[in-house]
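What follows is a short report on a single structure.
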Amino acid sequence: MVGSILGKINNNTYSNGSSQNHNNGLEDKLDEFRKLIGKTNGDPLRIVSVGAGAWGSVFAALLQDSYGEFRDKVQIRIWRRSGRKVDRETAKHLFEVINSREDVLRRLIRNCAYLKYVEARLGDRTLFADEILKDGLCLNMIDTPVCPLKVVTNLQEAVWDADIVVNGLPSTETREIFEEISKYWKERISVPIIISLSKGIEAALEPVPHIVTPTKMIHQATGVPMENILYLGGPNIASEIYNKEYANARICGAEKWRKPLAKFLRQPHFIVWDNSDLVTHEVMGGLKNVYAIGAGMVASLTNESATSKSVYFAHCTSEMIFITHLLTEEPEKLAGPLLADTYVTLLKGRNAWYGQMLAKGELSPDMGVNISGKGMIQGVSAVEAFFELLSQSSLNVLHPEEKKHVAPVELCPILKTLYKILISREQSTQAILKALRDENLNDPRERIAIAQSHAFYRPSLLGQQ
């Protein structure tokens, strides 16, 4: 097989990392953005993705596929830690994936990289995550090869002169890594642009209870002004995006950069819009992962009952709307891309998968949240953060029926149940079904109406006085 491929290799092209000329105005878009950012001839636009999970890798690969051929004008790299070993079973699966994809197989043979995968399959060699990523194989998404990527394992080398930094880290690692990055930026003259893909929050209780989103973490860690920090999110399953399933997303933040970036990032199959409401989109990005875990449990426990899943969807979205109205006086409505992002995450994604595996008994909370082949299950830390925050007595709100002051979490029964399943571990996954059976017969619409009355808005939750 290998011999026959070698004989034909010069007569074929391949899709991933190909040298096909598909300019289609891409160079003009690149030149326009370079001019806006103040780049001169001979000085490439430097883009680095920090973190090599599925979405961070795909995001870098999309940029590489679009602009990588213009090497004198743009440099696209990705940073990940060195030393992460690929286990034997994963190496076997990688070998199967490679041999099932003729374009990938040809590319590896052309680059004299195929033999190491044969040796790893036989157990004669250990592969490393940064090593296979250079070949376009992401450890968290091994069934979907991407184009070859320029991988850097030294963080200082990766970021010190970057013009655009893409945050592909889990929210639980964002602050730590960007505090390290800030050390390398002390003598910078220009201010970088940062695009955060991270979903999740931190709960801070001092001086008053408030949330810290990934963009805020980055701002606090680096001192980069908020107008240069943006969030990109949408109904995006990383593997499907790279396979050119039609998708859209929103880039949110200050107008200075969000409109030019939306144009720069837009592709025929990946439409990027811009939006000013950074807070709602970023908080929803964290909340959807919370409720996706419950959605996976419901799907598994009810044998994929469409009725049960729709009831869960109605209740969890009403809780999401209630929580966002605590944080923002006029949040973006849960519609369009925001609703679609919630829907696809509840339908398919690592957090929903995690919930299914818990309900089936194939995983347990004791096994941790960093799952081989899936990466970090970010919804678990978000459950803890939102529950801890919304349990604070200083945030008490008037319960509409009981006419007494209660912590906001008392109006979020699904969030409470997920906390008891995942964090305190005092209930089994079956409890999620009980949470759907509202004993007070309250229509989810009533929770939404309460939220939209603005009676519960708490600006202090965003650190505002």
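The values are calculated or read from the model by the stated rules, or taken from the named source; none is laboratory data. Bear in mind the structure is a predicted one, so any value in this text is a computation, not a measurement. Backbone-built Cβ (ideal geometry, glycine too); neighbour counts: all protein chains shown. Please note that ligands, DNA and RNA were not included when accessible areas were found on the heavy atoms of the full protein model with its side chains. Shrake-Rupley method; radii C 1.70, N 1.55, O 1.52, S 1.80 Å.
Available extension along the chain between Arg71 and Leu347 is 95.5 nm, counting 0.36 nm per residue and deducting the alpha carbon span. Between the residues Phe322, Ile142, Ile177, the greatest Cα displacement towards the positive end of the dipole of the chain, with unit charges on the Cβ of Lys, Arg, Asp and Glu, is found for Ile142.
Going from most exposed to least, what order do Arg77, Arg107, Arg88, Arg445 have by accessible area with a 1.4 Å probe?
Ranked list, largest accessible area first: Arg445, Arg88, Arg77, Arg107.
One chain, two ends: Lys263 and Gln430. Fully extended at 0.36 nm per residue, the span grows by 55.5 nm beyond their Cα-Cα distance.
In a reduced charge model with +1 at each Lys and Arg Cβ and -1 at each Asp and Glu Cβ, the chain shows a dipole moment near 900 debye about its Cα centre.
What's the extension gain from Val118 to Leu398 if we count 0.36 nm per residue and subtract their Cα-Cα distance?
Values: separation 280, 0.36 × 280 = 100.80 nm, distance 6.45 nm.
Taking Val118 through Leu398 to full extension adds about 94.4 nm, to one decimal.
Here the spin labels are modelled as points 7 Å beyond Cα on the Cα-Cβ line, and at Ser190 and Ser372 they lie 4.3 nm apart.
Taking a ≥ b ≥ c as the square roots of the eigenvalues of the Cα gyration tensor, an a/c ratio of 1.5 or more together with a/b no larger than b/c marks the stretch 159-201 as oblate. In the full protein context, the chain carries 44 Å² of accessible surface per residue, based on a 1.4 Å probe and ignoring ligands, DNA and RNA.
The label-point distance for Glu206 and Arg88, in a model that sets each label 7 Å from Cα toward Cβ, rounds to 5.0 nm. In plain terms, the bigger the Kirkwood radius, the slower the diffusion; for the stretch 67-214, with that radius from Cα pairs, at 4 °C and 1.567 mPa s, Stokes-Einstein puts D at 73 µm²/s. Mind running the shape call on the stretch 102-184? Use the C-alpha gyration tensor, a ≥ b ≥ c as the square roots of the eigenvalues: rounded below 1.5 for a/c, prolate if a/b tops b/c, oblate otherwise. Prolate, since a/c reaches 1.5 and a/b exceeds b/c.
For the chain, what is the mean residue ellipticity at 222 nm derived from helices alone (per DSSP H run of n ≥ 4: -39500 (n - 2.57); sum divided by total residues; nearest 500 deg cm²/dmol)? Please list the in-between numbers first.
On the way: 20 runs with 219 residues, N = 465.
After summing the helix terms and dividing by the residues of the chain, the value is -14000 deg cm²/dmol.
If R0 is 60 Å, the Cβ-Cβ spacing of Ser308 and Leu26 corresponds to a FRET efficiency of close to 0.85.
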